[in-house]
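This report concerns only the one structure given below.
The values are calculated or read from the model by the stated rules, or taken from the named source; none is laboratory data. Just so it is clear, the structure is predicted and the values come from calculations on it, not from any experiment. Reconstructed Cβ throughout: ideal geometry from the backbone, glycine too, with neighbour counts over all protein chains shown. For accessibility, only protein heavy atoms count, side chains too; no ligands or nucleic acids. Shrake-Rupley method; radii C 1.70, N 1.55, O 1.52, S 1.80 Å.
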Amino acid sequence: MNPVNYLYLSALLFTIGAAGVLVRRNAIIVFMCVELMLNACNLAFVTFSRIHGNLDGQIIAFFTMVVAAAEVVVGLAIILMIFRVRHSASVDDANLMKL
Amino acid sequence: MENLIGVLVGAPLLGALILLVGGRALDRLGHWLGIVFATTSFAVGCVLFADMVGKDAEERALHDHLFSWVPVEGFQADVAFQLDQLSMTFVLLITGVGTLIHFYSVGYMEHDERRRRFFGYLNLFLAAMLVLVLADNYLLLYVGWEGVGLASYLLIGFWQHKPSAATAAKKAFLVNRVGDVGLSIAIMLMFTTFGTFAFSEVLPDAGSASEGQLTAIGLMLLLAACGKSAQVPLQSWLGDAMEGPTPVSALIHAATMVTAGVYLITRSGEIFNGAPAAQTAVVTVGAVTLVFGAIVGCAKDDIKKALAGSTMSQIGYMIMAAGLGPIGYVFAIMHLVTHGFFKAGLFLGAGSVMHGMNDEVDMRKYGGLRKYMPITFVTFGLGYLAIIGFPGLSGFFSKDKIIEAAFAKGGTEGWILGSVALLGAAITAFYMTRVMLLTFFGEKRWAGAPDPQTTPDVEPADGHPAVGAAPHPHESPLSMTVPMILLAFGSVFAGLLFTVNDTFLNWLEPVTHHEHGDSPISAGVVTGCTVTAMVVGVTIAWLMYGRSPVPAVAPRGSLLTRAARRDLLQDDFNHVAFVQTGSYLTRGLVYLDHKVVDGMANGTAAFIGGVSSRMRRLQNGYARSYAVSMFGGTAVLVAATLLMRAVA
Amino acid sequence: MNVLAATTSTSTGEAVQFWVLGTIALVGALCTVMMKKAVHSALSLAGTMIILAVFYLSQGAYFLGIVQIVVYTGAIMMLFLFVLMLVGVTSADSLKETLKGQRWLAATCGLGFGILLIAGIGNASIDSYAGLGKANADGNVEALAALIFNRYVWAFELTGALLITAAVGAMVLTHRERITKPETQRELSQRRVREGKQVTPLPAPGVYARHNANDIPALLPDGSIAEVSVNKTLRARGQMRDVSNEPMSNVAELEGQAESWLGRVTPKRVVRQPEENGSPESESEGAAK
């Protein structure tokens, strides 16, 4: 088996995550789908690292994880706050910016 | 002497100012004030005339520069008067007839509450008309031209409480505007061609301009003359202008103002001499109007409108004569003067009849009035004989000369014009005889006609019978009959006076110049033909109206008669050709404006709005929709990247 | 890169592992998107992440594999579950699409994007790979540390700043300072009367069945149901029971029981009664018969 298959898996996971972001309305699930996309990217980075034989890909994946952690912290805080104010976790309810 | 010219114009102007500004305080003696100013003007005119006669022919012209009106470099407009023989003729006619009609109006307008205002307008008219004929440049002439237009408008609509009068005034004003535009364009053309407006510079210099320029100016001047002198195609206002008081019809719409066109063409003779095409247009207009007016005059039962048709026709003679060039100018003016006398006399006679007939104007409701109004009958009859060209009276001499000149034009044109003029003479004799017979002869046809022997002719206490009451014909007061008598004298003797020793010809010759055309037929033959035409016309009229009683209600008449009663469909033509076309045009423009102009603006707005509102749906506020766009965009970017790599 | 070190195929064991776990990871990802309840989604995602951790480990990223399990599955996913607990079940959980055309657009874009990515990868024609044997010679963690604290130290410092900022931000966002005095019970009751929407306490749910029927709405006097009598969350989940026939039959059943107890019974019902003691549905069916 060629490690390229990991890349195919990564692409599929990324696409599924993206579709989930577009389809789901619950902000938390949307957020989880974003995490799925990030993980798919990480898988691609790790695979590239293996293919190229150096560790820079892993470093990038590492940074991605750290940033994802920070993002989740802030994002979930925002979701909580919105839920507290608007009593809804639906991304469609936060549509005050339209005309 | 020059300074007197200012007085000539200033007196009636001052009179108008005083009478119109003075207010009701002047109501009681306003008319006498008006007469004083008019008479002053006439007296000054006489003095100037006497002075002029005393000089040599070449030194007679006076010039009085009052002030510079528009002193701009390259555009010098002066208020300056020029009194030469031509102007002098008009001055005497205007002030003389004007003064007589002032006197006449005292009696005629006796019962009108607004008599003071009427006299103010009359004075205003005199002043404007004098400015017109005395101006030494075209721009000042234009001032007078507009001034008489204003006075005419005010006087036609003097009885403005009558909708017909108000409408007639507006009609006259509007139709005159068309002509006035012609005059203003002519003046502009003159300025571009010659760089000046002054007669003394434009006219001697006319030869320097090209024939095309002269033709353009001439045609525009002709348009102006058509408007003011009620010539085809701008003739339609004159008949309706008879809504004005009869003295106004006599003074403005018979004797003076309507002849301004003839004055304009005669004055601009040098321009027309250099533009044969314009001259042809002038004679054509004159000849057409000559017949046109005569036919209209034949059909009208309204005495004033019949006379208005006659006026139109007679001015057609003058215009035709003026269009003949140097062989006709003198006779145009001569006919103008004699016409001024007898047509004013006829109108005053008509006014007198109406005065006695309770303002009835339908000739079919007259009849047999000669017994009741002997003075009116005699003066009207003399005017009648003059206008039909009865040998020895003034109309005979002047009209005969014009017909001669028409034949003298030479060639086919001369024959056609001469024949038309002869035909006109016959028709003139016909319709004037008709007027005469219907009014003064035959059965009494007015409502409840009393027998003059049994019923005493009692004047009502207020001297004016209530409207609608049975008329009781009576002779008019002295203030009305005396002017009529004086004018009758003029109608009888003026022609003779002018013709003997060619007095009038010699008088005007230095200004208008004159050349004898060589007529294909001798003067005697022409005179014979003229008299024959007159006799034929009179005979036919007598056969139709004198032998048998005239029905009080007009019979249906032939197609031509009915058309002529409608002024030969001139109003209908104008309505179809201009009013309807204009309204269709405006409707079309409005439609165009709505659909195309507004449509484009609104369409653009609607298009943008529509596109925007569709675009707005993309901005639905849902983060997920935006995410789809982003995702789609990303996909496109990836595709582009791959494509670029594949291509590279 | 050392060409000689390049290999073209992994071990068979890894291949088997990939195909088995990869399938499970895909299914987990699909479940994350498609599960109706958020908790199920979170658990599916956690499973996918663990499988990814296994893939990291098998690809020589030992440090990342452990971090993936500890940070992602252990911390982040637990944070998600924690927040889910706070938020509770909402109508947003519904899978029904409310935006017109959104699902089609998403499917189209997703398909297109996926096909493009896969085509791109397939186009890259990576036949051989270097492997991490050389890079990991001194141990994966040591090699990573050498990179992080040398070449990427600046980025690492920034990441630290980012994390601190995120922590402070989360605190600021979720911290709610009370700026007004909390309403007393008196004030609450007064406001209720003032607004006049629901002066009395909310009605209790219907209690016709023999279990604690919190999910059954009470009936108003005219026979219609009072939705406010059922808990909001149950309503949002769609777990409110249909009340149209059920309570009526239950009442009839209760009456029947009383009659049977008094000895005035239709024998059929008495006989059927003990057998069908189960769900209310079956009971109502029995009553209908």
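In this structure, does A:Ala19 turn out to be small (Gly, Ala, Ser) and over 23 Å from C:His40 (Cβ atoms)?
no
Regarding region B:228-235, can at least one residue be identified that is assigned to a helix (DSSP H, G or I) and buried (at least 24 other Cβ atoms within 10 Å of the Cβ)?
yes
Of the conditions (1) within 25 Å of B:Val148 (Cβ to Cβ); (2) open to solvent by 10 Å² or more (accessible area, probe 1.4 Å); (3) not small (Gly, Ala, Ser), B:Pro204 clears all except one; give me its number.
Among (1) within 25 Å of B:Val148 (Cβ to Cβ); (2) open to solvent by 10 Å² or more (accessible area, probe 1.4 Å); (3) not small (Gly, Ala, Ser), the lone unmet condition for B:Pro204 is (1).
Would you mind telling me which numbered condition in (1) open to solvent by less than 70 Å² (accessible area, probe 1.4 Å); (2) more than 23 Å from C:Thr23 (Cα to Cα) C:Gly65 fails?
(2)
Give the number of residues within region B:101-155 that are touching a helix residue (DSSP H, G or I) at 6+ places or on another chain (Cβ under 8 Å) and under 19 Å from B:Arg28 (Cβ atoms).
17
Out of all the residues in region B:261-309, which are in contact with a Leu (Cβ under 8 Å, 6 or more places away or on another chain), surrounded by 24 or more Cβ atoms within 10 Å (Cβ to Cβ) and not in a helix (DSSP H, G or I)?
Passing the criteria: B:Ser268, B:Ala275.
Please specify each residue of region C:96-110 satisfying the condition of being facing chain A (nearest Cβ under 8 Å) and farther than 15 Å from B:Leu637 by Cβ.
Matches in region C:96-110: C:Glu97, C:Thr98, C:Leu99, C:Gln102, C:Arg103, C:Leu105, C:Ala106, C:Ala107, C:Gly110.
Quick grid of which residues meet (1) hydrophobic (A, V, I, L, M, F, W, C); (2) closer than 30 Å to A:Met81 by Cβ; (3) outside any helix (DSSP H, G or I):
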| position | (1), (2), (3) |
| --- | --- |
| C:Glu157 | no, yes, no |
| C:Val168 | yes, yes, no |
| C:Met171 | yes, yes, no |
| C:Glu183 | no, yes, yes |
| C:Arg194 | no, yes, no |
| C:Lys197 | no, yes, yes |
| C:Leu202 | yes, yes, yes |
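Suppose we keep only residues that are assigned to a helix (DSSP H, G or I) and of a type in the set (D, E, K, R) within region B:77-122. Which one would you say is nearest to B:Glu475 (Cα to Cα)? Outline the logic, then answer.
Start the filter on region B:77-122 by keeping residues that are assigned to a helix (DSSP H, G or I), which leaves B:85-108, B:115-122.
Still in the list and also of a type in the set (D, E, K, R): B:115-117.
Numbers: B:Arg115: 21, B:Arg116: 24, B:Arg117: 26 Å.
Looking at residues that are assigned to a helix (DSSP H, G or I) and of a type in the set (D, E, K, R), I get B:Arg115.
Do we find a residue being touching a residue at least 60 places away in the same chain (Cβ under 8 Å) and over 24 Å from the mean Cα position of the chain (by Cα) anywhere in region B:185-193?
yes
Just one of B:Leu20, B:Leu8, B:Leu14 is open to solvent by less than 50 Å² (accessible area, probe 1.4 Å) and either at pLDDT below 90 or assigned to a helix (DSSP H, G or I) (or both); which is it?
Only one candidate qualifies: B:Leu8.
Do we have any residue at all in region A:59-68 that's within 7 Å of chain C (Cβ to nearest Cβ), over 17 Å from the mean Cα position of the chain (by Cα) and over 20 Å from C:Gly28 (Cα atoms)?
Yes.
Among the candidates C:Val20, C:Val33, C:Val27, which residue alone is out of contact with any His (no Cβ under 9 Å at 6 or more places or on another chain), open to solvent by 10 Å² or more (accessible area, probe 1.4 Å) and either among the charged types (D, E, K, R) or over 30 Å from C:Lys96 (Cβ atoms) (or both)? Write out each step before concluding.
Details: C:Val33 fails: either among the charged types (D, E, K, R) or over 30 Å from C:Lys96 (Cβ atoms) (or both); C:Val27 fails: either among the charged types (D, E, K, R) or over 30 Å from C:Lys96 (Cβ atoms) (or both).
Testing whether each residue is out of contact with any His (no Cβ under 9 Å at 6 or more places or on another chain), open to solvent by 10 Å² or more (accessible area, probe 1.4 Å) and either among the charged types (D, E, K, R) or over 30 Å from C:Lys96 (Cβ atoms) (or both) leaves just C:Val20.
So A:Arg50 passes all but one of these: (1) under 30 Å from C:Leu84 (Cβ atoms); (2) among the basic types (Lys, Arg); (3) at the interface with another protein chain (Cβ under 7 Å from one of its Cβ atoms). Which condition number does it fail?
(1)
From the list C:Leu144, C:Leu162, C:Leu158, pick out the single residue that is open to solvent by less than 60 Å² (accessible area, probe 1.4 Å) and within 11 Å of chain A (Cβ to nearest Cβ).
Only one candidate qualifies: C:Leu144.
Could you give me the residue pairs with C-beta distances under 8 Å whose first residue belongs to region C:31-49 and is more than 9 Å from chain A (Cβ to nearest Cβ), whose second residue is hydroxyl-bearing (Ser, Thr, Tyr) and surrounded by fewer than 19 Cβ atoms within 10 Å (Cβ to Cβ) wherever it lies, and which are 6+ apart or on separate chains?
C:Lys36/C:Ser94; C:Ala46/C:Thr73
Could you say which residue among B:Ala216, B:Ala254, B:Ala198 is of a type in the set (Gly, Ala, Ser) and at pLDDT 90 or above?
B:Ala216 is the lone residue from the list that is of a type in the set (Gly, Ala, Ser) and at pLDDT 90 or above.
Can you tell me which of C:Glu281, C:Glu259, C:Glu246, C:Glu227 is within 29 Å of C:Leu95 (Cβ to Cβ), among the charged types (D, E, K, R), at pLDDT 55 or above and open to solvent by 60 Å² or more (accessible area, probe 1.4 Å)?
The unique qualifying residue is C:Glu227.
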